[in-house]
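Undergrad: One structure, pasted below without further comment.
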Amino acid sequence: MAPVIRPRRLRTSPAMRRLVAENRLAPADLVLPVFVADGIDEPRPISSMPGVVQHSLDSVRAAADEAVRAGVGGVMVFGVPTPEDKDPTGSVGVAADGILNRALAELRADLGDTTVLMADTCLDEFTDHGHCGVLDEHGRVDNDATLDRYVEMAVAQADAGTHLVGPSGMMDGQVAAIRAGLDAAGHADVGILAYTAKYASAFYGPFREAVASSLSGDRRTYQQDSANRIEALRELRLDLDEGADIVMVKPAMSYLDIVRDVAEEADVPVAAYQISGEYSMITAAAERGWIDRDAAILESLLAIRRAGAGIVLTYWATEAAGWLR
Ligand code: PBG
């Protein structure tokens, strides 16, 4: 029996496949995360993320400039202080002369409004215990005391020139607290890219090296359990009610169902973060010749897009933007 209906007709040539493609990636959909470290003059390689570095203040400016020229939609900045500067409350993450705020100020001066600058608003890079918040007398992460710190941090980042703050600590009420704090400080125009559904993930492993994290233990009392889906929708409702401007799911590839769920419910833009472990897995397999690196990168990014994320944070943003132009 010869079939009458033949879906293969629409796959016959690259031109036909291009015409009928349901999803596309554009450079402007991609956001480049960068690490900037205090006290270094030359970029320092991150061994578990081949091709990614801790930048110096000079090299981060060059990397951001290159990304913007490649057409990426934004740059997300993480700060890496010197070990001596870490303390229990992450003070150097709030200080105007801390590495993150200095980098933000320089990048904003360089780039103005030609890109969207985003800041990681979280304490873990800056605390000596490596947790995303401050601890109470029992050593537990103190939600409400942490909120006060996040507000100070967000206001300092806004003062430094960030366009968006990115609270990534999964504290309850973080979006509402930061919104109120920014507004009270005259930063009504600074938006909140909320880490809405951030899961406790083994795939953050390489990031811990990237930011020289001091964490021992885990983040399971604040990040979500991988078993849960409904809980992400509850977090979404809260973040939307609290005033999130963009909502994010993280990690991306192991949580594409969550990206889809959030995309169906959210009436704000949805982002997804292709994290360090996702980068390193593809990089390692490609180094061994087991997969076609560039094809795997593009396929992974397109899958995140197809799941419903309009914005994709990826360490390949600049390179992929170059291919997509
Ligand atoms: C916490 C934070 C983490 C990442 C981004 N922000 C790590 C964590 O929660 O342990 C991970 C990013 C990545 O793995 O690429 N400030």
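Undergrad: Name the residue, out of Ile246, Ile275, that is touching a Lys or Arg at 6+ places or on another chain (Cβ under 8 Å) and either closer than 19 Å to Gly73 by Cβ or surrounded by 23 or more Cβ atoms within 10 Å (Cβ to Cβ) (or both).
TA: So the residue among Ile246, Ile275 that is touching a Lys or Arg at 6+ places or on another chain (Cβ under 8 Å) and either closer than 19 Å to Gly73 by Cβ or surrounded by 23 or more Cβ atoms within 10 Å (Cβ to Cβ) (or both) is Ile275.
Undergrad: Moving to a separate point now. Does any residue of the stretch 276-299 turn out to be under 25 Å from Gly191 (Cβ atoms) and hydrophobic (A, V, I, L, M, F, W, C)? Steps first, answer last, please.
TA: Filtering the stretch 276-299 for residues under 25 Å from Gly191 (Cβ atoms) gives 276.
With the extra rule that they be hydrophobic (A, V, I, L, M, F, W, C), the set shrinks to none.
No, the stretch 276-299 has no match at all.
Undergrad: With respect to Ser91, determine if the residue is buried (at least 17 other Cβ atoms within 10 Å of the Cβ) and farther than 16 Å from Tyr315 by Cα.
TA: It is true that Ser91 is buried (at least 17 other Cβ atoms within 10 Å of the Cβ) and farther than 16 Å from Tyr315 by Cα.
Undergrad: Here is a further query. Examine the stretch 60-77 for a residue that is within 21 Å of Gly133 (Cα to Cα), surrounded by 19 or more Cβ atoms within 10 Å (Cβ to Cβ) and in contact (Cβ under 8 Å) with a residue 60 or more places away in the chain, and state whether such a residue exists.
TA: Taking every residue of the stretch 60-77 in turn, at least one turns out to be within 21 Å of Gly133 (Cα to Cα), surrounded by 19 or more Cβ atoms within 10 Å (Cβ to Cβ) and in contact (Cβ under 8 Å) with a residue 60 or more places away in the chain.
Undergrad: Name the single residue, out of those in the stretch 96-118 being of a type in the set (Gly, Ala, Ser) and touching a helix residue (DSSP H, G or I) at 6+ places or on another chain (Cβ under 7 Å), that is surrounded by the most Cβ atoms within 10 Å (Cβ to Cβ).
TA: Per the criteria, the residue is Ala103.
Undergrad: Residue check, Asn23 against (1) in a strand (DSSP E or B); (2) away from the ligand (no atom under 16 Å from the Cβ); (3) polar (S, T, N, Q), all met but one. Which one?
TA: The failed condition is (1).
Undergrad: Same structure, new question: Could you run through the stretch 131-168 and say how many residues are more than 12 Å from Leu182 (Cα to Cα) and in contact with a Cys (Cβ under 9 Å, 6 or more places away or on another chain)?
TA: Residues in the stretch 131-168 being more than 12 Å from Leu182 (Cα to Cα) and in contact with a Cys (Cβ under 9 Å, 6 or more places away or on another chain): 7 in total.
Undergrad: Where in the stretch 242-325 are there helices (runs of 4 or more DSSP H), lying fully within it, with 3 or more residues that are of a type in the set (S, T, N, Q) and within 15 Å of the ligand (Cβ to nearest atom)?
TA: Working: elements: 256-265, 276-287, 293-307, 317-324.
Output list reads 276-287.
Undergrad: Have a look at Glu299, Glu287 and point out the one that is farther than 20 Å from Leu25 by Cβ, surrounded by fewer than 21 Cβ atoms within 10 Å (Cβ to Cβ) and among the charged types (D, E, K, R). Before the answer, list the steps.
TA: Numbers: Glu299 fails: farther than 20 Å from Leu25 by Cβ.
The match here is Glu287.
Undergrad: Which members of the stretch 198-232 meet the condition of being more than 12 Å from the ligand (Cβ to nearest atom) and hydroxyl-bearing (Ser, Thr, Tyr)?
TA: The answer is Ser216, Thr221, Ser226.
Undergrad: Identify the single condition in (1) crowded, with 19+ Cβ neighbours inside 10 Å; (2) in contact with a Lys or Arg (Cβ under 6 Å, 6 or more places away or on another chain) that Asn23 does not satisfy, given that it satisfies every other one.
TA: The one condition Asn23 does not meet is (1).
Undergrad: For the stretch 41-82, how many residues meet the condition of being farther than 22 Å from Gln157 by Cβ and not hydrophobic (A, V, I, L, M, F, W, C)?
TA: The total comes to 12.
Undergrad: Here's a follow-up. If you go through the stretch 146-177, how many residues are aliphatic (A, V, I, L, M), within 18 Å of Thr127 (Cβ to Cβ) and assigned to a helix (DSSP H, G or I)?
TA: The total comes to 5.
Undergrad: Then there is this: Here's a check for you: in the stretch 191-236, which residue that is β-branched (Val, Ile, Thr) and farther than 18 Å from Ala272 by Cβ is modelled with the highest pLDDT? Talk me through it step by step, then tell me what you get.
TA: Within the stretch 191-236, the first condition is being β-branched (Val, Ile, Thr), and the residues that meet it are 192, 196, 211, 221, 230.
Okay, now just the ones that are also farther than 18 Å from Ala272 by Cβ, so 211, 221, 230.
On the way: Val211: 85, Thr221: 95, Ile230: 98.
Once the filter is applied, the top-ranked residue is Ile230.
The values are calculated or read from the model by the stated rules, or taken from the named source; none is laboratory data. Note that the structure is a prediction, hence the values are computed from the model and not measured. Every residue, glycine among them, receives a Cβ derived from its backbone with ideal geometry; neighbour counts consider all protein chains shown.
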